[in-house]
Every structure is written in C-alpha cells, then in structure tokens.
Amino acid sequence: ELKEIVFIIQSQSNSFHSKRAEDLKRDILNQAADLGKELPTILLIHQLDGHEGAWTILPLMRDFSVTYGRNSSWIFFCEEDTRVQVAKLLETLGRFDVSKEWFLGKPLYDEESTIIHHYAFAENPTVFKFPDFAAGWALSIPLVNKLAKKLKSEPLKSDFTIDLKHEIALYIWQKGEGPHLTPVPEFCTDDVNSHKTDHCATTFSNFLPLCGEPVKKEDVFVAVKTCQKFHGDRIPVVKQTWEKEAALIEYYSDYADISIPTIDLGIPNTDRGHCGKTFAILERFLNHSSPRIPWLVIVDDDTLISIFRLRKLLSCYDPNEAVFLGERYGYGLGTGGYSYITGGGGMVFSRRAVQKLLASKCRCYSMDAPDDMVLGMCFSGLGIPITHSPLFHQARPVDYPRDYLSHQIPVSFHKHWNIDPVKVYFTWLAPNTEEPPKAKKVGHNREDL
C-alpha cells in the first residue's frame, strides 16, 4: 500500500531548493490522490528538527525506526529533481518481500580506486556498488530497524562526510554482514522526456538550472588563490581555459608578479590551510570592490570552472539572501559538528553572506587553518545554511563514476594530477552555445557535453 511508503526528499533550506522540494511533494501527493490511494507520508530533510547532520541521513535512522517501524514497509529517498511515477514505484517495490532487509537503488561503482573513497576496494573497486541518489533509493523497514539498533549501540565513528552515497552503502554493507545494494532497473536517471523511460519508476531532470537570464558577467567577481611556486605551471592553465569567461578576476598570491598580474595580500604562503589568505580576500571584496557586485567566487589555482555555466546556475539564487554555495562536505556530524563547502571545487558567496560573516567577528584560529572548514564553522554558528550543488567537484572527472557524471552539466573540477587539465576543461566545461530548440520551452538550458 502507498501509505506504507515514507518518502524522504533530500531537500535544502535555501529558497530555490525548498520550493523545488515542495513542488515534488505536491506532485507525489497529487499522483496518490489520482490513484485513489491513502496518502503517503512525505518528509523534507531540511525541515527535520534542527539537526545539522540530517542531510547525512544515518543519524535519522533511530527516529525513522521509532516513528515508522511498525506501520510502514519502505523508506524511499529521492532528490528534489528526481521525478517519481508513483504507480510504477508501487509496482516495483511490490516485487520485494518486505519482511527481509533490502537496500535498493541504481548502482554506481568506481572504475579505479579513488581518493574520494579513501581508495576503498583498491584491488577491484568495481565490485562495490553504491546508489545514485538522483534515481531514488529505498530501505526496507527491517533494515532501517537493524541500522537504528546498531547506531544506538555504536555511534557513527567517521569524522568526515565526503561522498554520502558511498559512505551509506559501506555502512549498510558492514564488511559483508549487511546487504549489498540490489540493483533496480526501474530506478532511472534518464531524462523524463527520453524514449528510454517507459519502464522507469523514477527519472531525473538532468538540466543545468536556469531561472531567467544568466547573471551578468560583471556581477561575478572571481578570486584565484595562488602562490609564487605555482605561477609558472598552474596560472597558464587558467589563462588557456576559463579566464576569458570572467569579466572580473584577480589573482592573490604571496608575491606580486606584474606579468600575470598577481596581488600580494601581505600574507605568507602556508603549506596547510589558507585561512588567512581567504579572509583577506573576503575583506578586500567587501571593502574594495563595487558594492553593486552581488557574487564572489573563490577558487584554487588548480580549479577548472565554467563561469559561463555558473552564471546560469546563479540565476536561481537570490543575492539578497546569505548564500554560501558549492560542494558540501561534513565534519563530525554524528556528534554535532558542521557542514562546509569544500574549497577545491570553488566557493560561491553572495555579498550578503560575506557581510554577515565579517560582521560576526568569526575568524581563523590560525593563519594556516583550513579555510573551507573555518568558513563552515562560522556560517554554522551564524545559522546560515550551506547550499549544496552536485555540479561542483572537489576532484577530477576520472574520480567519479561515468554514469554519475552522465546526468550532470558540471560547473567545476579540481586538481591537475595525472591528467591534461586543458583537455579536461575543453571536454567537460567549455561553453557550448548551441541550445536545443525545446530548452526554452521547459525553462531549462541544456548543453551537450
């Protein structure tokens, strides 16, 4: 029965994202009403009571078990852009014996071992499957109850949350004591308009969001963090690739080099974190750039980014809100902790967010503290949520499953290790101005990669 499925939408509190999640909730309820079914429970993660780590899902298992452990059969998770065919989902879940422990999803796997997953299964990373959240994924209630019991006796140990879908699959698998992910062909990430979706219970809206005109070039200020030792090899890559997409760009270094040009902020280079440098950039943006520039982007000198696509993405966000946007990681979320935007993929700030941060007096505890983590701590203390976009990437394209990237139009990648960064940029990120004719109709803007 539909009332035995609890839908969990992996939502966010930013106004753009919360509206999309509410739209999905409404759509699922409308479909349920059309089927003449008793309405299911639908929860939005960001509305679950004040839990900083709710987005990491495992800390919620005990609540799910207590609240839904007796009268439900499934917890079904999806993203705000997942599209659910409710009748088909009911039919699909109906194939499984709900008295057993099931972990269902569309499987992803690493083709080679990767730093993101701490080089797990180094011998053969393809053996371990983890769910593509975009396609939706489901846990049977017996498995939820088992996880809740385990979490009660053994709290989560991991300090960092880096790739949630992989980490959840590892936790559920329990080194072979728990279930593997069971592949479900009806959980799909094909576009809703694709001819391939007739059998699908879920589809995915795989566009780069566009909510009106892209923000103007002059509305995005780009700050590149560099240092003298990388002037000769990393900066030329920026200049050959994405620099021309930025109308306003400055390079911040420990040495003023007029040939680039770089600006010496008077902060020595550090081998570890760059907190001092980043806060100096934030102060400079607030006090020395035009107050009419609403957006600041801070990137590393080995970040590859599409400013062209970022301007489209930013059309969806209100610069009058305190927005801190990028790829979200977590630190210590099982025991309080905080979320943060990982710096390598690029950190995007609205001017309002910078104003609130600098007014707060929250600062680096040392000049070489990790800037991205300090920022996460500061914004968490201010009650300003991190806004996650999976289109920003802390690592290289080869570090992600091909099938995962196939339904993305990425905004950034990071690192030059063992790759040709110029080739990566022109393969994955360079602007492609050819738009399909139907893009205007659906309010999205798709680019073929």
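The values are calculated or read from the model by the stated rules, or taken from the named source; none is laboratory data. Everything numeric in this text was worked out from a predicted model, so none of it was measured. Neighbour counts are summed over all protein chains in view; Cβ atoms, including those assigned to glycine, are modelled from backbone coordinates with ideal geometry. Just the protein is used for accessible areas: all its heavy atoms, side chains included, with ligands, DNA and RNA removed. Shrake-Rupley method; radii C 1.70, N 1.55, O 1.52, S 1.80 Å.
Hey, among 151, 139, 156, which residue is modelled with pLDDT of 95 or more and either part of a helix (DSSP H, G or I) or not assigned by the TED database to the domain that holds residue 305 (or both)?
139
Which count do you get for residues in segment 431-449 that are surrounded by fewer than 17 Cβ atoms within 10 Å (Cβ to Cβ) and either at pLDDT 95 or above or of a type in the set (Asp, Glu) (or both)?
Summing the residues that are surrounded by fewer than 17 Cβ atoms within 10 Å (Cβ to Cβ) and either at pLDDT 95 or above or of a type in the set (Asp, Glu) (or both) in segment 431-449 gives 3.
Go through segment 231-246 and count every residue that is assigned to a loop (DSSP other than H, G, I, E, B) and either within 26 Å of the chain's Cα centre (by Cα) or not assigned by the TED database to the domain that holds residue 290 (or both).
4
Specify the residue that is surrounded by the most Cβ atoms within 10 Å (Cβ to Cβ); the eligible residues are those in segment 255-308 that are part of a helix (DSSP H, G or I) and either not hydrophobic (A, V, I, L, M, F, W, C) or not assigned by the TED database to the domain that holds residue 371 (or both).
Restricting to residues being part of a helix (DSSP H, G or I) and either not hydrophobic (A, V, I, L, M, F, W, C) or not assigned by the TED database to the domain that holds residue 371 (or both), the top hit is 277.
In segment 231-249, how many residues are surrounded by 18 or more Cβ atoms within 10 Å (Cβ to Cβ) and out of contact with any helix residue (DSSP H, G or I) (no Cβ under 7 Å at 6 or more places or on another chain)?
Total satisfying the criteria: 4.
Of the residues 381, 346, only one is open to solvent by 60 Å² or more (accessible area, probe 1.4 Å) and of a type in the set (Gly, Ala, Ser); which?
When all the criteria are applied, what remains is 381.
For segment 354-378, give me each residue that is free of Cβ contacts under 8 Å to residues at least 40 places away in the same chain, in a helix (DSSP H, G or I), in contact with a Leu (Cβ under 8 Å, 6 or more places away or on another chain) and open to solvent by 10 Å² or more (accessible area, probe 1.4 Å).
Matches in segment 354-378: 356 only.
Quick test for you: out of 111, 123, pick the one residue that is surrounded by fewer than 14 Cβ atoms within 10 Å (Cβ to Cβ), assigned to a loop (DSSP other than H, G, I, E, B), under 22 Å from the mean Cα position of the chain (by Cα) and in the same structural domain as residue 145 (by the TED database).
111
Return the only residue of 311, 396, 351 being open to solvent by 40 Å² or more (accessible area, probe 1.4 Å) and either within 30 Å of residue 237 (Cα to Cα) or in the same structural domain as residue 118 (by the TED database) (or both).
Selected residue: 311, the only one of 311, 396, 351 that is open to solvent by 40 Å² or more (accessible area, probe 1.4 Å) and either within 30 Å of residue 237 (Cα to Cα) or in the same structural domain as residue 118 (by the TED database) (or both).
Report whether or not residue 189 is part of a strand (DSSP E or B), more than 30 Å from residue 373 (Cα to Cα) and touching a residue at least 40 places away in the same chain (Cβ under 8 Å).
no
Does residue 203 satisfy the criteria of being open to solvent by less than 30 Å² (accessible area, probe 1.4 Å) and over 26 Å from residue 348 (Cβ atoms)?
Spelling it out, residue 203 is indeed open to solvent by less than 30 Å² (accessible area, probe 1.4 Å) and over 26 Å from residue 348 (Cβ atoms).
Between 116, 75, 28, which is in a helix (DSSP H, G or I) and modelled with pLDDT of 95 or more?
28
Scan segment 126-136 for residues that are more than 22 Å from residue 388 (Cα to Cα) and in a loop (DSSP other than H, G, I, E, B) and jot them down.
128, 129
Residue pairs, Cβ under 7 Å, 6 or more apart or interchain, first in segment 232-246 and within 14 Å of residue 261 (Cβ to Cβ), second in a loop (DSSP other than H, G, I, E, B). List them.
Pairs that qualify, where the first residue is within 14 Å of residue 261 (Cβ to Cβ) and the partner is in a loop (DSSP other than H, G, I, E, B), are 235/226; 235/260; 235/301; 238/301.
Condition check: surrounded by fewer than 23 Cβ atoms within 10 Å (Cβ to Cβ) and modelled with pLDDT of 95 or more. Does residue 325 satisfy that?
no
Within segment 75-97, count every residue that is open to solvent by 10 Å² or more (accessible area, probe 1.4 Å) and either within 13 Å of residue 148 (Cβ to Cβ) or aromatic (Phe, Trp, Tyr) (or both).
1
Restricted to segment 31-58, and to residues that are open to solvent by 60 Å² or more (accessible area, probe 1.4 Å), in a loop (DSSP other than H, G, I, E, B) and farther than 24 Å from residue 336 by Cβ, which residue is modelled with the lowest pLDDT?
Ranking the candidates gives 37 first.
Give me a count of the residues in segment 311-348 that are of a type outside the set (Lys, Arg) and either within 14 Å of the chain's Cα centre (by Cα) or assigned to a strand (DSSP E or B) (or both).
Number satisfying all stated conditions: 19.
Which pairs do you get when a residue that is among the aromatic types (Phe, Trp, Tyr), found in segment 379-394, comes within reach of a residue that is surrounded by fewer than 24 Cβ atoms within 10 Å (Cβ to Cβ) and assigned to a helix (DSSP H, G or I), reach meaning Cβ atoms under 7 angstrom, with the pair 6+ apart or on two chains?
379/357
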